[in-house]
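What follows is a single structure, and I will ask about it in a moment.
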Amino acid sequence: MSKFCPECGRLETKNQPLVKGLCRTCFLKNNPVLEGYKELKIVICPRCQSYLYQNKWHKRFSNQDDVNLKKIISGILPERLKLQPGAKINNLGIVIEDNQDGKKINVKLILNSSVYNTKSKDTHFLEITKEQSICNLCRKKSSSYYEAKIQIRPRNESMLRLIKNCINENNIGVSAETEKEFGYDLYLTNKKDLSKIVSIVKKKFEIEVKISRTLYGRKDGREVYRTTALLRLKE
C-alpha cells in the first residue's frame, strides 16, 4: 500500500519519499530550516575598515567598503543562525538591501540548505547593527608610538616607494615618516612587520642590513626593546 501525506494527501513516490511522515512541501512548511536568529552587531574601524571579531581586530577583505561589509557579514552571520535539528547550510547568499546611516543594515539572506536529505531554499530579511570604533593599529598610527624604525641610507626614492607599497598592501602601521639630509626614517607601530619589509627590499636592491635594539622600558616586569633596521645601499 502506498503511503501518503496526512496533511495534503500527496502520495509517496520513489523520487519523492515522505520525510518524517510528511511530503517535502508540508514537512518544510511545518519545520522551517531557520528556527531563529541571534542579533548580529559588527564593529568596523572607520579609518582602515578592519573589523572586530571575538575580541580581536582582523584586516579588511577589500578596499571597497560595500564588498568589505558583505564579506564580513557572510563570514560571521552563519554562527548567529539557529537551524532546526538535522539541517545544514549548503550555500548562503547575502544581499545588502539598505545601510541606514551606517547604523542599521537590512540584509536579505538567501539560504540554500538541506534537512534529512531534503533540499530547501528560503529567503529571510534580517537587521544587523553596525558600530564604528578606532582599531588598536589606527590608534597607534595617530600617536607617536612605535616599536621599530627603518632607516634608508642614502636617500633613494625607489626604495622608499617600494617600502610604502608594501606598507599599504599589508596595512602596516606607520606612526611617522621623516626625511633626512642623508636618507629617510619610517617608524613602525609593530616590530613584527619589520622582517617582511626587509625581505621584500632585499629582493629588489643590493643592500647591507644592520639590526640594532635599544631599551625602551618595561612592561609586565619584562624589558621592552625598540628595533632599528638600517638599510644601506651597497656602493
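Restricting the range 198-215 to residues that are touching a residue at least 24 places away in the same chain (Cβ under 8 Å) and within 19 Å of Y146 (Cβ to Cβ), which is surrounded by the most Cβ atoms within 10 Å (Cβ to Cβ)?
Among residues in the range 198-215 that are touching a residue at least 24 places away in the same chain (Cβ under 8 Å) and within 19 Å of Y146 (Cβ to Cβ), the one surrounded by the most Cβ atoms within 10 Å (Cβ to Cβ) is V201.
Of a type in the set (A, V, I, L, M) and more than 30 Å from S212 (Cα to Cα), is that true of I110?
Considered against the rule, which asks whether it is of a type in the set (A, V, I, L, M) and more than 30 Å from S212 (Cα to Cα), I110 comes out as yes.
Residue check: is R80 among the basic types (K, R), surrounded by 14 or more Cβ atoms within 10 Å (Cβ to Cβ), more than 16 Å from N99 (Cβ to Cβ) and assigned by TED's automatic domain parsing to the domain that holds D122?
The answer is yes for R80.
Here's another thing I want to ask about it. Being closer than 21 Å to Y51 by Cα, of a type in the set (S, T, N, Q) and either surrounded by 17 or more Cβ atoms within 10 Å (Cβ to Cβ) or touching a strand residue (DSSP E or B) at 6+ places or on another chain (Cβ under 6 Å) (or both) is the filter here; which residues of the range 87-103 pass it?
N99, the sole residue that qualifies.
Hey, another quick one. Return the residue satisfying two criteria in turn: it lies in the range 182-197 and is in contact with a strand residue (DSSP E or B) (Cβ under 6 Å, 6 or more places away or on another chain) and in a helix (DSSP H, G or I), and of such residues it is surrounded by the fewest Cβ atoms within 10 Å (Cβ to Cβ).
The qualifying residue surrounded by the fewest Cβ atoms within 10 Å (Cβ to Cβ) is K191.
Please tell me if N171 is outside the structural domain of S50 (by TED's automatic domain parsing), surrounded by 13 or more Cβ atoms within 10 Å (Cβ to Cβ) and on the phi > 0 side of the Ramachandran plot.
yes
Within the range 25-69, take every residue that is assigned to a loop (DSSP other than H, G, I, E, B) and of a type in the set (K, R) and give me the one that is farthest from the chain's Cα centre (by Cα).
K38
Table: residues versus (1) touching a strand residue (DSSP E or B) at 6+ places or on another chain (Cβ under 6 Å); (2) of a type in the set (A, V, I, L, M).
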| position | (1), (2) |
| --- | --- |
| I105 | yes, yes |
| Y116 | yes, no |
| K121 | yes, no |
| A148 | yes, yes |
| R155 | yes, no |
| M159 | yes, yes |
| C166 | no, no |
| E169 | no, no |
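Condition first: within 12 Å of S133 (Cα to Cα), without any contact (Cβ under 8 Å) to a residue 24 or more places away in the chain and in contact with a Ser or Thr (Cβ under 9 Å, 6 or more places away or on another chain). Now tell me which residues in the range 18-63 satisfy that.
Within the range 18-63, just Q49 meets the criteria.
Just checking, does the range 42-55 include any residue being loosely packed, with under 14 Cβ neighbours inside 10 Å, at pLDDT 85 or above and not assigned by TED's automatic domain parsing to the domain that holds V115?
no
If you scan the range 116-168, which residues turn out to be among the hydroxyl-bearing types (S, T, Y), part of a strand (DSSP E or B) and surrounded by fewer than 17 Cβ atoms within 10 Å (Cβ to Cβ)?
Correct list: T123, T129.
The values are calculated or read from the model by the stated rules, or taken from the named source; none is laboratory data. Please read these numbers as outputs of a predicted model, since none were measured by experiment. Because the Cβ atoms are built from the backbone with ideal geometry, glycine has one as well, and the counts that use them run over all protein chains shown.
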